[in-house]
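Novice: Okay, here's the structure, questions in a sec.
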Amino acid sequence: MAQELISINRLIAMEGRRYPKATGEFSALMSEIVLTAKIISREVNKAGLIDITGFTGDVNVQGEEVRKLDEYANDLFLHILKYSGHVCAMASEEAEELIQGPTYTNSGKYVVLLDPLDGSSNIDANVSIGSIFAIYRRISPSGESGTLEDFLQPGRNLVAAGYVIYGSSTMMVYSSGQGVHGFTFDSSVGTFALSHPNIKLPDKCGIYSVNESYWTKWTDGVRKYVERCKGIGEEGLEKPMSARYIGSMVADFHRNLLYGGIFLYPGTVGKPQGKLRLMYEANPMAFILENAGGAASNGLIDVLDITPTELHQRTPLFMGNKEEVALIENYIKQYDLQEELVG
Ligand code: P6P
């Protein structure tokens, strides 16, 4: 008998039935995100064939040159979600300010934060890239526009988070706090089919992912930990970990989630908060990891416990196997007295 095809929409509906008061609005919101992912997947997969790669000539809030595909992905996410009626406001890596919808969307129960196309510097090299989303329940009164306070919630409050990886196949990995599930896009039927139910981070951590070109700018604690991974010094592992770094966080994260590994983007002497953004990169990935049995830290505390103060704030990020994250925190406590270097 053919294996039962469980679509992401069906799994989300199944999860929703566990909540007697569920109105179906969350499921409908997720359907809009799924639709957006399908369209972006189509465009990413033909990007080399049409003039949609390369730069637009614009610069985003991060001061990064915007590529045509990430502008396309941003515009599409915002357009589809803006008019869905389920979202009272949105935030995006590509936009300085909050994005509000038309008045009728002021009754939307949720807010969504987006990294519409993470790793976009890799687009022209045909390297896997991804979209990241994070969903909070609004805290401002229904009927009014969404506010900044709706967004500046600790990651612990997330209702759901997920990412889409546009690679050899397109996958969506998602959690609403009831496990982590992976869906592979089957273009022949136009649906994301459940392919990786209830993903759990493997116990063995055989991979470390970090851009070692920043070695000289790290703190001593971070260097000591990476030396351990490389099998260097008294505390070096007898069997060093494998070094794997794609430079596209969604791709590095996805590989480590399935194979077991530790991802580091530390702060540096010049940039103690590092590069990655808390609200729409670190928090959603931390939420997924904790639901898969892993951990994510800024070097001092769990990422999900950070109280946000700014929409685009950055954070040092150490995420993967719990034991490895705890070890990094211990190295930082032991060697790095200057707390400002670790966020
Ligand atoms: P670096 C891509 O630009 C990104 O935001 C993440 O996807 C990735 O992990 C990181 O930056 C790579 O940064 O400094 O190592 O090139």
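Novice: Looking at segment 309-320 only, could you name the residues that are farther than 20 Å from Trp218 by Cβ and not acidic (Asp, Glu)?
Specialist: Thr309, Leu311, His312, Gln313
Residue-wise test of (1) small (Gly, Ala, Ser); (2) buried (at least 18 other Cβ atoms within 10 Å of the Cβ).
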| site | (1), (2) |
| --- | --- |
| Gly267 | yes, yes |
| Glu281 | no, yes |
| Pro284 | no, yes |
| Lys322 | no, no |
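Novice: Still on this structure, please answer the following. Just checking, does segment 9-21 include any residue being at pLDDT 90 or above, under 25 Å from Gly85 (Cβ atoms) and in the same structural domain as His181 (by TED's automatic domain parsing)?
Specialist: Of all residues in segment 9-21, those at pLDDT 90 or above come to none.
Within segment 9-21, not a single residue is at pLDDT 90 or above, under 25 Å from Gly85 (Cβ atoms) and in the same structural domain as His181 (by TED's automatic domain parsing).
Novice: Out of Val180, Val173, which single residue is under 28 Å from Ile328 (Cα atoms), surrounded by 13 or more Cβ atoms within 10 Å (Cβ to Cβ), away from the ligand (no atom under 16 Å from the Cβ) and β-branched (Val, Ile, Thr)?
Specialist: Val180
Novice: Suppose we filter segment 62-105 for residues that are more than 15 Å from the ligand (Cβ to nearest atom), part of a helix (DSSP H, G or I) and aliphatic (A, V, I, L, M); how many remain?
Specialist: Within segment 62-105, residues that are more than 15 Å from the ligand (Cβ to nearest atom), part of a helix (DSSP H, G or I) and aliphatic (A, V, I, L, M) number 4.
Novice: Only one of (1) β-branched (Val, Ile, Thr); (2) out of contact with any Phe, Trp or Tyr (no Cβ under 9 Å at 6 or more places or on another chain); (3) within 12 Å of the ligand (Cβ to nearest atom) is not met by Thr216, so which one is it?
Specialist: (3)
Novice: Right, something else. Mind listing just one residue for me: the one in segment 193-238 that is at positive phi and over 24 Å from the mean Cα position of the chain (by Cα) and, of those, surrounded by the fewest Cβ atoms within 10 Å (Cβ to Cβ)?
Specialist: Taking segment 193-238 first, the residues at positive phi are 198, 231, 233.
In the following step, the residues that additionally are over 24 Å from the mean Cα position of the chain (by Cα) were identified as 231, 233.
Working: Gly231: 13, Gly233: 10.
Going through the qualifying residues, I end up with Gly233.
Novice: Look through Gly167, Gly146, Gly190, Gly182 and report the one residue that is more than 16 Å from the chain's Cα centre (by Cα) and closer than 27 Å to Met279 by Cβ.
Specialist: Numbers: Gly167 fails: more than 16 Å from the chain's Cα centre (by Cα); Gly190 fails: closer than 27 Å to Met279 by Cβ; Gly182 fails: more than 16 Å from the chain's Cα centre (by Cα).
Only one candidate passes the filter, namely Gly146.
Novice: Need a quick list: strands (runs of 3 or more DSSP E) entirely within segment 132-195 having at least 2 residues that are among the polar types (S, T, N, Q).
Specialist: Counting at least 2 such residues, we get 170-175.
Novice: For Thr53, work out the one condition from (1) at pLDDT 75 or above; (2) touching a Leu at 6+ places or on another chain (Cβ under 7 Å); (3) over 24 Å from Gly274 (Cβ atoms); (4) not basic (Lys, Arg) it doesn't fulfil.
Specialist: Among (1) at pLDDT 75 or above; (2) touching a Leu at 6+ places or on another chain (Cβ under 7 Å); (3) over 24 Å from Gly274 (Cβ atoms); (4) not basic (Lys, Arg), Thr53 violates only (1).
Novice: Moving on. Among the candidates Gly293, Gly274, Gly270, single out the residue that is within 13 Å of the ligand (Cβ to nearest atom), in a loop (DSSP other than H, G, I, E, B), over 15 Å from the mean Cα position of the chain (by Cα) and at pLDDT 95 or above.
Specialist: Details: Gly293 fails: within 13 Å of the ligand (Cβ to nearest atom); Gly270 fails: at pLDDT 95 or above.
Sole residue among the options that is within 13 Å of the ligand (Cβ to nearest atom), in a loop (DSSP other than H, G, I, E, B), over 15 Å from the mean Cα position of the chain (by Cα) and at pLDDT 95 or above: Gly274.
Novice: Taking segment 239-263, which residues are at positive phi and either within 8 Å of the ligand (Cβ to nearest atom) or in a helix (DSSP H, G or I) (or both)?
Specialist: Gly247
Novice: Exactly one of these conditions fails for Phe151: (1) within 16 Å of the ligand (Cβ to nearest atom); (2) closer than 26 Å to Glu64 by Cα. Give me its number.
Specialist: Status for Phe151: all satisfied but (1).
The values are calculated or read from the model by the stated rules, or taken from the named source; none is laboratory data. These numbers were taken from a predicted model, which means no experiment stands behind them. Heads up, the Cβs are rebuilt from the backbone with ideal geometry, glycines too, and the neighbour counts pull from every protein chain shown.
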